[in-house]
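The values are calculated or read from the model by the stated rules, or taken from the named source; none is laboratory data. Computed from a predicted structure; not experimentally measured. Every residue, glycine as well, gets a Cβ built from its backbone with ideal geometry; the counts of neighbours run over all protein chains shown. Keep in mind that these areas ignore ligands, DNA and RNA; they rest on the heavy atoms of the full protein, side chains included. Shrake-Rupley method; radii C 1.70, N 1.55, O 1.52, S 1.80 Å.
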Amino acid sequence: MTAFFQSLGLSYEWAWGISTICGILLIALPLMLGVAMIIYADRKIWAAMALRRGPNVVGPLGLLQSFADGLKVFLQETIIPSAANKGLFLIAPIITFTVALMAWAVIPFNSGAVLADVNVGLLYVLAISSLGVYGVVIAGWSSNSKYPFFSAMRASAQMISYEVSIGFILICVVLWAGSFNLNAIVHAQKDHVWIINGFVANPLLFPMWVMFLISGMAETARAPFDLTEAESELVAGYQTEYSSMSFALYWLGEYANVLLMCALNATLFWGGWLPPLDIPVLYLVPGFVWLLLKILFFFFVFSWVKATVPRYRYDQLMRLGWKVFLPVSLLFVFVISGYLMATGHFA
Amino acid sequence: MIQAFAFYLFATLMIASGAITILARNPVHSVLWLILAFFNAAGLMVLVGAEFIAMLLIIVYVGAVAVLFLFVVMMLDIDFAELRAGFVNNFPLGFVLAVVLLAELVLGVGAYRAGALPLGVADGSGAAAAGLSNTAAIGALLYSRYLFLFEAAGVILLVAMIGAIVLTHRQRSGVRGQNISKQVARRPEDATINVQPEVGKGVSL
C-alpha cells in the first residue's frame, strides 16, 4: 500500500504514514463492527441454549441491539467515585480497549495481508496479551473499593498463571513451524497431515490445541473462568464502579480479546487463512473468508462453553493452571522437540 | 526522519518516566511510570533492530515482573512520614551507591567509545548477522558458545525457585484437601441408595 501512495507523488515518509493509518482503520473499524455483532451473537447463542429468545426487539431479529446498547451507554453520565484515583480510573478502560486492538496488527488475513509483518509476531502477541491485565489491575486499585480490588488481585494471579502454560504451548507450535512469524506459521501448516491444513490434525499437537483453547478462555476471563467478575461473589468485579462509556470500553475490549483468542486458535492450529483441506477448488474462496469462518466457529465454541459450563472455584482454577497445564505442556515441549530432533525436522 | 522522530520520542519519554518513577509520591504511580519506561526501552530496542530482546523485555518485565511488583505495592500500606524519617541516616549510603552507579556508567560509555566492547553500532546495521533474524542469531550464540553459562543460569534459577517454595511452604494440619481423581472416580451407586421405607418407620442414615 505504501507503494501505491508513493505513486501518487508523496514522499516515502508520508506514504508510509498514510498507508499505516489506512491499514489500522481497515482492521479496527470492521473489528469494532464485528465486536458489536458478536455481542449480539453471544446473547442469541446463550439464549438459544437456555431456551429463551434473546434480543429480538431492536431492528430485524434484534440485530441492532448492540448499537442501541452503545447509544444508551453513550448518553449516560460518567460517574467517578469521589474516593477514586481519577486519572488512573479513567485511563484503565482505555488501556484495556487499546491493548485489545493492538495485537491484531500481526494477525495475517491472507498471504501477506498483515499490518505489521514482524519476525517475532507470536512474541508480540504474547507481550500484548500480557498487558491486558493492567487495565483490570489499575481499575481495581484506582476504584478504591473492596470488590474491584479483590477482582484485580484475582485477575493478575489468573493471567500470570495461564500465560506460563500458553508460553509452552506456543513454543511447541514455533518448534514445528520453525518461525515466530504468524504468516510463516500458517504456511508451515499447509498439507501438515496428508491434505489437511492445520497443526490440529497432528496427534502430538492436538492436545496442545485443547489446552490452548482452555487457557485462552482463562486468559480472556471468559466463563467458566470469569472469576474476576463473578457476580455472586464480587458484584461485577473490577467493573463495579464503572458506568457509561468507560464501562462500554471494557465490554468492547473484552469481546475484542475473545475474538483475538479465536483468531489465534485459527491461525496457530487450524491453518489460519488456508482452507481446511488442501484441495485446489477451496482456494477459490479468499483467505480472509476462511479465517473469518474459523473465528466465528471458535466464537461459537466459546459461547457454547459459557452457556453450559458452571464457573470454576478459584482454587480449582489455580490447580488446573499450575498442576495440570504447566507440567503437561512442559512435557509436550520435551516430547515434541525430541520427536523433531529424532526425525531430523531441523536438518 | 521517522526513525529520528521515534528515537527522540521514546528516549524523551523513557528518561521522563524514569525520573517520575523516582519522584512520584505514590508507590503505585511509581510502578506504573516504571512500566512506561520499560515500554519506551522496548521501543528503542525495536528501533536498533533488536526486536527479539524488545519483546522479551515486555513479556518478562512488563508482563510478569511488574505485575507482581504492582501486586505487592498495591497491598502494602506505606507510611511516607516513616519513610522520610530515615532519610538523613540513609543518605551517606545512598550517596555512595549513586556515585558507584555513575562511575560504572561513565566507565561503560568510555569503554564503548574506546572500542573495547564489540556492541555493534547505534544505527542498527550491525544488529544481526546477514540473512539471519536476530532470534536465530541469539539462539545460535546462546546454544553454542554460551551453552554452559546459559544452562548454568537456568539451573541457578530453578534452585532459587525451589528454594523459595521450600522456604515459604507451610504444612498446615486440619485442612481437607480436594482429591480430584477420587471425586471423578466416584459413581452415583457409591454415593446414593434408593430405599422405600414403610410408613412411620423412617430411614436409618
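Mind checking B:64-71 for the average number of partner chain beta-carbons within 10 Å of each residue's beta-carbon?
5
Tell me the volume per residue, in Å³, of the convex hull enclosing the alpha carbons of segment A:117-213.
Details: hull volume 9.0 nm³, N = 97.
Once divided by residue count, the hull of segment A:117-213 is 93 Å³.
On a 0 to 90° scale, report how tilted helix B:66-75 is relative to the longest principal axis of chain B, with both axes built from alpha carbons and the result rounded to the nearest 10.
Between helix and principal axis, roughly 60 degrees.
Given 10 °C and 1.306 mPa s, compute D for segment B:33-78 with the Stokes-Einstein relation, Rh being the Kirkwood radius over Cα pairs; round to the nearest whole µm²/s. Don't skip to the answer; put the middle values down first.
Details: Rh = 11.1 Å.
Answer from the Stokes-Einstein relation: 143 µm²/s.
Note down the accessible area of B:Leu147, probe 1.4 Å, to the nearest 10 Å².
Counting only protein heavy atoms, B:Leu147 exposes about 70 Å² to solvent.
What nm distance separates the two modelled labels at B:Phe95 and B:Phe5, each placed 7 Å from Cα along Cα→Cβ?
4.6
Could you size up the charge dipole of the protein assembly as shown around its Cα centre, putting +1 on the beta carbon of Lys and Arg and -1 on that of Asp and Glu, and report it in debye to the nearest 20?
Values: 27 positive and 26 negative charges, 221 e Å.
Here the protein assembly as shown has a charge dipole of around 1060 debye.
State in Å² the accessible area per residue of the protein assembly as shown; use a 1.4 Å probe, count heavy atoms of protein chains only, and round to the nearest integer.
Result: 57 Å² of accessible area for each residue.
Please give every one of the lysines within straight-line cross-link reach of A:Lys323, meaning a C-alpha to C-alpha distance under 22 Å, and leave out same-chain neighbours fewer than 8 residues apart.
By straight Cα distance, A:Lys323 reaches B:Lys182.
Please find the FRET efficiency linking A:Gln76 to B:Val184, where r is the Cβ-Cβ separation and R0 is fixed at 60 Å, and quote it to the nearest 0.05. Don't skip to the answer; put the middle values down first.
Numbers: r = 47 Å, r/R0 = 0.78.
Result of the calculation: an efficiency of 0.80.
Name all residues of segment A:27-41 having a backbone nitrogen under 18 Å from the label point set 7 Å from the Cα of A:Leu63 along its Cα→Cβ direction, giving them as ranges.
Within reach of a label on A:Leu63, which here means backbone N under 18 Å from a point 7 Å along Cα→Cβ, segment A:27-41 contributes A:30-41.
Under a crude label model (7 Å from the Cα following the beta-carbon direction), how far is B:Ile22 from B:Val159 in nanometres?
Rounded to a tenth, the inter-label distance reads 3.5 nm.
Among all the aspartates and glutamates, which ones have a C-alpha under 12 Å from A:Lys190's C-alpha, if same-chain residues fewer than 8 places away are not counted?
Within the straight-line cut-off, A:Lys190 pairs with A:Asp278.
Could you work out the percent of alpha carbon pairs in chain B separated by over 31 Å, rounded to a whole number? Before the final figure, lay out the partial values.
Values: 10529 of 20910 pairs.
For chain B, the share of Cα pairs beyond 31 Å comes to 50 percent.
Taking all protein chains as present, what is the carbon and sulfur share of the accessible area of chain B, in % to the nearest whole number, probe 1.4 Å? Don't jump to the answer; show the numbers that get you there.
Values: 11090 of 15900 Å².
Looking at chain B in its full context, I get 70 percent from C and S.
Rg and Dmax in Å for segment B:1-105, alpha carbons only: what are they?
Over segment B:1-105's Cα set, Rg and Dmax evaluate to 16.4, 49 Å.
Using the Kirkwood radius over Cα pairs, work out the Stokes-Einstein diffusion coefficient for segment A:277-347 at 10 °C and 1.306 mPa s, in µm²/s as a whole number.
The estimated diffusion coefficient comes to 97 µm²/s.
What is the gain in length, in nm to one decimal, between A:Lys86 and A:Val285 on full extension, counting 0.36 nm per residue of separation less the C-alpha to C-alpha distance? Can you show the working numbers first?
Working: separation 199, 0.36 × 199 = 71.64 nm, distance 4.99 nm.
Extending this stretch completely gives an extra 66.7 nm.
To the nearest Å, what is the center-to-center distance of segment A:79-107 and segment A:325-341, using C-alpha atoms only?
37
Heavy atoms only, probe 1.4 angstrom, no DNA, RNA or ligands counted: give me A:Glu163, A:Glu233 ranked by accessible area, highest first.
Details: A:Glu163 30, A:Glu233 85 Å².
If we order A:Glu163, A:Glu233 from most to least accessible, we get A:Glu233, A:Glu163.
Rounded to the nearest 10 degrees, what's the angle between the helix B:87-113 long axis and the longest principal axis of chain B, both from Cα atoms, 0 to 90?
Roughly 60 degrees, rounded to the nearest 10.
Where does each of B:41-47, A:204-210 land if you order them by average Cβ count within 10 Å, highest first?
Packing order, densest peptide first, comes out as B:41-47, A:204-210.
With contacts defined as alpha carbon pairs under 8 Å and 6 or more residues apart, what's the relative contact order of segment A:32-160 in percent? Please report the intermediate quantities before stating the final value.
Details: 117 pairs, mean separation 24.8, N = 129.
Value for segment A:32-160: 19 percent.
What Kirkwood Rh does segment A:26-73 have if only Cα atoms enter the pairwise 1/r average? Answer in Å. The partial results should precede the final answer.
On the way: mean 1/r = 0.0896 Å⁻¹.
When all Cα pairs of segment A:26-73 are included, the Kirkwood radius is 11.2 Å.
Using a 1.4 Å probe and ignoring any ligands, DNA or RNA, find the accessible area of A:Asp191 and quote it in Å² to the nearest 10.
Looks like 70 Å² after rounding.
Explain nothing, just the number: relative contact order of chain A, from Cα pairs under 8 Å at least 6 residues apart, as a whole percent.
Values: 507 pairs, mean separation 74.9, N = 347.
For chain A, the relative contact order is 22 percent.
Ignoring ligands, DNA and RNA, how do A:Ser111, A:Ser19, A:Ser337 rank by accessible area with a 1.4 Å probe, largest first? Display every interim value, and only then the final one.
On the way: A:Ser111 70, A:Ser19 10, A:Ser337 35 Å².
Per-residue accessible area, sorted high to low, gives A:Ser111, A:Ser337, A:Ser19.
Provide the descending list of Cα extents for the protein assembly as shown along its principal axes, expressed in whole angstroms.
100, 72, 60
To check my understanding: the extent here is largest minus smallest coordinate of the Cα atoms along each principal axis. What are those three numbers for segment A:17-144, in Å, largest first?
Cα extents, longest axis first: 46, 44, 30 Å.
Would you please state the base-10 log of I(q)/I(0) at q = 0.13, 0.16 1/Å for segment B:132-183, with intensities from the Debye formula using one equal scatterer on every alpha carbon?
Scattering profile of segment B:132-183, log10 relative to I(0): -0.61, -0.69.
Can you compute the FRET efficiency between B:Ala111 and A:Met341 using 1/(1 + (r/R0)^6), with r the Cβ-Cβ distance and R0 = 41 Å? Round to the nearest 0.05.
Working: r = 40 Å, r/R0 = 0.98.
My answer for the efficiency is 0.55.
Could you please state how large a percent of the accessible area of segment A:111-236 is carbon and sulfur, counting protein chains only and using a 1.4 Å probe?
With neighbouring chains kept in place, the figure for segment A:111-236 is 65 percent.
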